[in-house]
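Okay, so here's the structure we're looking at.
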Amino acid sequence: MISLILKEKTKQEHDKTEESLQSKKIFDRSYTLEDYKNLLIHNYFLISKYEPQVNKFLHKYPELKLDVRRKIIAITTDLHNLKVDINNDFIANNLDNEAEAFGALYVMEGSTLGGNVIAKQLRKNPEFENIEFNYFGVYGENTGPYWREFKSIIDEKITQEQYNDCVAGAKKAYQLLA
């Protein structure tokens, strides 16, 4: 199953991303508003670059509910509320095919799953008491079910011949996120 292979083959990238975005500080409550803004900026780059490409490659799969999975408005709202200006002149590798798009979506959906935990932890930090978490709370109570649904779809749609491309797409997404 590709969802398990993705987890295994991108563990190093996942761990590097968590380290570069200082995820441990979220749990010890030393995470600052500036740290959070930086986290949002990195996620914005991921979403703004790959969400349109994922939609282009995967729109033919209505079961993915891509219209529900769109996050660009939620993240731009959070950035606007925090008065963060974005320089959109960044360079990222394009996705080359459907399997790479599935891999990138795996990272974006996994980020949403992790974002739910992030928002819950930051709400315990007094520095974040007046912060809205539109992006990290985008699915609300549907976060777990959407994740399981996505994993089921990717495991069904990605063939063994597409595994390498799918992993490559996930690695491209992690590279942009980190």
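The values are calculated or read from the model by the stated rules, or taken from the named source; none is laboratory data. Computed from a predicted structure; not experimentally measured. All Cβ positions, glycine included, derive from the backbone under ideal geometry; neighbour counts span all protein chains shown. All accessible areas refer to the heavy atoms of the entire protein, side chains included, with ligands and DNA or RNA removed. Shrake-Rupley method; radii C 1.70, N 1.55, O 1.52, S 1.80 Å.
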Given the options Gly103, Gly140, Gly114, state which has the largest fluctuation in a GNM of the chain using a 10 Å cut-off (strictly under) for Cα springs.
Gly140
Estimated [θ] at 222 nm from DSSP helical runs (n ≥ 4, -39500 (n - 2.57)) normalised by residues in the chain, nearest 500
-20500 deg cm²/dmol
As straight-line cross-link partners of Lys9, the qualifying lysines (C-alpha separation under 16 Å, not fewer than 8 residues apart within one chain) are Lys151, Lys171, Lys172
Along its three principal axes, how long is region 90-178 when you only count alpha carbons? Whole Å, largest extent first please.
49, 32, 14
Each label sits 7 Å from Cα toward the beta-carbon; between Ala178 and Val84 the label points are separated, in nm, by 2.0 nm
Roll a 1.4 angstrom probe over the protein heavy atoms and tell me the percent of accessible area of region 18-70 that is carbon or sulfur.
53 percent
Computed lengthening from Lys120 to Lys60, 0.36 nm per intervening residue step minus Cα-Cα distance
18.2 nm
Would you mind working out the accessible area per residue for region 40-154, using a 1.4 Å probe, and quoting it in Å²?
49 Å²
Computed Rg/Rh for the chain (Cα atoms; Rh = Kirkwood radius) stands at 0.95
Using Cα springs under 10 Å in a Gaussian network model of the chain, which residue among Asn116, Asn43, Asn81 shows the largest mean-square fluctuation?
Asn81
